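The values are calculated or read from the model by the stated rules, or taken from the named source; none is laboratory data. The structure presented is a predicted model; accordingly, all values stated were derived computationally and were not measured. In this analysis, Cβ positions are derived from the backbone assuming ideal geometry, glycine residues included, and neighbour counts consider all displayed protein chains.
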Amino acid sequence: MMGYELQFILPIILISFFATSAIVIDAILLKNKSIGFYYSIIGLAITIIAAVYSLYKTNMALIPTHHSDKLITKGMLIFSGYAAFFDILFCVAGILTILASKQYLKRDYKEINEYYSLILLSIAGMMIIGHSNNLLVLFIGIELMSISFYILTGFFRTNARSVEAALKYFLLGAFATGFLLYGMALIYGAAGNLDINKATFFMTTIGKAPLILSIGVGLLIIGLSFKVAAFPFHQWAPDVYHGAPTVIAGFMSTAGKAAAILAMVIVIRPLIPQNIDKHELNQIFNGDTIRLIIAIISAATMLVGNISALVQKNVKRMLAYSSVAHAGYLLMGIVANNPKGWDGIAFYAVAYMFMQIGAFVIISLLERNNEANQDISDYAGLSKTHPILAATMGIFMFSLTGIPPFAGFIGKYYLFASVIESGYVWLAIVAVIASIISIYFYIGLVISMYFKEPGEKLQESEKGLSYITLGIASVALIIFGVFPSFILNLSHRCFNLFLF
Amino acid sequence: MFPLFITLFLPLAGSLFLLLLNKDKPKLIKYTALGFSFVTFVVSLFLLFFFNQNNPNFQLVFEAVWIPSIDAGFRLGIDGMSMLLLLLTTFISTITILSSFGAIEKREKEYYVMILLLQFAMTGVFLALDLLLFFVFWELILIPMYFIIGIWGGKERIYASVKFFIFTAVGSLFMLVAIVWLGYYTGTYILHNSAGFTTNFFVLKTALLNHPIPIEVQRWLFLAFALSFCIKVPLFPFHTWLPDAHTEAPTPGSVVLAGVLLKMGTYGLVRFNLELFPQASIEFAPYIAVLAVIGIIYGALVSMVQTDVKRLVAFSSVSHLGFVVLGIFSMTIEGLQGAIIQMVNHGLTTGMLFLCVGMIYERRHTRDIAEFGGLARVLPVFTVFFGIAMLGSVGLPGLNGFIGEYLTLFGAFRSQVLGSQWYTIVSATGVIFAAVYLLWMFQRVMFGTITNPKNENLEDLNKREWLTLIPIVVFIVWIGVYPNSFLKISENSTRALVKKLELVRTSNNKRIEMKDVKTEQRSVYKDK
């Protein structure tokens, strides 16, 4: 029985092992920086293999929820195909980030191996979120991820903006954690259970809702909205992403966001009625009310994110604001709460990971000292000075806008389809309006790169491993945009096995 | 089927192949691009042999699985209407590339990659028989066209390209929501298929024929689709992007924009709006026809006062496409056939006018009418070509424009959907205005004495320019003298569509009568 379970838990074990041992290696081999780099990449690659294995295993051997008590994890963790899918996503994001980091760290600052182990630790946190079936385990995962992010944000210790961002992130994040924990405590008090499955089952079947339960769920939504950077708890995101090391900002805004959305899928989704025609789940605080709240948050997030991004002159800040908007798009999948919505979340998270990390890597190649050369006007004439960078950035921008044939379009199409299917046509229309707004600033960057003459500042960039990241990201965007079926089928099959 | 597949993918293959070539060899790049485009044109001519004109349905259908979970497939097919437009696309693209040899002088490699990509996307729009696939091609057009205007355009190119991009994207995103809604509604409520979703055009067509969407919803869907297409056409209040885009685009860009891109809007109106939302189309037909008539008159009046030749031709497009839209929404065989032949005509004549304007521009680097005068003396051969294009556009009997305008006006005249002859009477004045502004422009540019000394030593057409213009002239005269060889290609498809619309209209009327009878009965019953 134990070995049976071990194959599912293996990715988490592996990533935790590699994360902790990376620190030890750093301590032993102080001088050689490359070993930590290769070690973490190899570690992530092995974890991906384990996750793929467990993905296909879960498809074959489904563990029913009510049996999970008998496992050694005592129902603390679940082993679903969906979690395994996201495990792979987190690891791929990690590899892309680490590949782009080496040159970047070398250039401006000293390369330190604990950087890599922190990335691995945050990935471990994300994986725990995906596998959690217990509010406390979920909390541990969120905290592991967040604390790693706090440190990574302030990794440039001598750079004032980086340190400021870290402090801001830490203070606000701690506050949000308070909300989260308080919400969990109240839910525990009302439902008498920390097991997410049982607690949500209790909430959706009990006749009369105690007030503390409603407050608890409300606080939980607030806490998670903060982690997702959804309106009105998004204010930290632009500052933090702007101040953080550029490559890390790309990582946080994609993998971190996907993990937070995954947490919402795990906790909030069961409270939303799945079928719009049957209102079986609304005895307690109406499931439709929660759905409406999330829908409003989603709509406001999209609009606020994109409108704020309109006026930004700094590319990094523009992408930070637009990443807020993308959280809004992802939330549409939770509002819909139907198979298309889950597939849409999975697909869009993959597409968004490639385009956002790619765009941030390009910024990291062109910027200097985490400050200079970040304005849109600095990108003037990039197509002449750096044709490859301009072309890939063009692909990322068009994909972020949602122009076919890039993957971003299919993701949006799926999410639109899912909300329309659940009867929220107005949300789809708001999303369309938000996309229209976003065209302006994404295209603005393309204008600067292609239609303007290069300025006096000639920017140089070292070719290196970052180009691998860019290559993977742009090729993946085109391939998944033209042949999306592979990812969609995978996530679809995974979600059928998601344990309810 | 195979030839259709080649017609679609050969330009894409060419575009990718050009990426591999060295950018320091512009000559090689030019001729490779021309070769790919020309072979595509030849292949598309072969399609005529495979195509059965007596069959009104889609032919040479190619289907492949694409995204099974939402029943989106890679479905291609062709009927009479798209056949003509496909031939127009491959023809104009070849001409465009030939004309680019003189007009494009920087960053050649990127340019030819973009123009072949554009040809691929345009072909896809006319072949796609799946709404999602159609939308992908529809949006894909934006990217190359945006770069063509933005990089190789004139002074205000950035403004024009952004305006073009945003106008088109705004329209199409609302169409996207409508596509999703339609797919969901049909899949879940009519077909009950496993995906609960479909964008298959064949399926949608038959399903919606038997189970029409409730008219309240159909109106919104119609408007969402129509907005997107009307912006592209462009219909009167949405036309403001067109003059800017045309004026700022390089000559080949204008040719392809006028020749093919605008036809996508009118094609979409016929293919999707009339076919999928017949009830709403009948309801909205008078309103859209009014906009079309306004466009005809407005475009003509604005053309008269232009001082820039290119801008004048651009505004004349607004006027000419008004005829197309009027013909479409007359919903008669004559009107629709006229609209389709007028799409081809406009592509040929306006494309040729832009080519001619481009040729003068290459010689004088200005397009201001006041700068010219008396060019006929120094450019006798050019004058003949320019004259033919201009007269074709005016609608001189014996040339192509006459056939299209006559048929659309006749269709609108006897249309029962529009129900009034005033549409024809008012828009017929547009033909007169066209004669006024085009002949006046021609007179000011070509005739009289040479007032500007710079015009004295211009060279007449070279061989390449001859080669660009001759094929267009052949078609202009051919359509004018014997239009039947083109009309009969599309005739059966249009006949089937009109028949269907007629059926919907009569059953609508019956339903209304039935309702009246019922309410009368009820009131009688109440009185008792």
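The figures follow:
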quantity	calculated
Residue in region A:430-437 that is within 21 Å of the chain's Cα centre (by Cα), modelled with pLDDT of 85 or more, over 25 Å from residue A:310 (Cβ atoms) and within 12 Å of chain B (Cβ to nearest Cβ) present	no
Failed condition for residue B:167, given (1) surrounded by fewer than 22 Cβ atoms within 10 Å (Cβ to Cβ); (2) in a helix (DSSP H, G or I); (3) more than 12 Å from chain A (Cβ to nearest Cβ)	(3)
Residue count for region B:190-208, restricted to those that are crowded, with 20+ Cβ neighbours inside 10 Å and not hydrophobic (A, V, I, L, M, F, W, C)	4
Residue B:135 being facing another protein chain (nearest Cβ under 9 Å), of a type in the set (Phe, Trp, Tyr), part of a helix (DSSP H, G or I) and in contact (Cβ under 8 Å) with a residue 40 or more places away in the chain	yes
Of the criteria (1) more than 16 Å from residue B:244 (Cβ to Cβ); (2) buried (at least 24 other Cβ atoms within 10 Å of the Cβ); (3) more than 7 Å from chain A (Cβ to nearest Cβ), which one residue B:146 fails	(1)
Residue within region B:179-188 that is out of contact with any strand residue (DSSP E or B) (no Cβ under 9 Å at 6 or more places or on another chain), farther than 30 Å from residue B:211 by Cα and not aromatic (Phe, Trp, Tyr) present	no
Single residue of region B:420-457 satisfying the filter (within 27 Å of residue B:296 (Cβ to Cβ) and of a type in the set (Ser, Thr, Tyr)) that is surrounded by the most Cβ atoms within 10 Å (Cβ to Cβ)	B:427
Filter result for residue B:187 (within 21 Å of residue A:412 (Cβ to Cβ), without any contact (Cβ under 8 Å) to a residue 60 or more places away in the chain and surrounded by 20 or more Cβ atoms within 10 Å (Cβ to Cβ))	no
Region B:59-82, residues that are more than 21 Å from residue B:179 (Cα to Cα), outside any strand (DSSP E or B) and of a type outside the set (D, E, K, R)	B:80, B:81
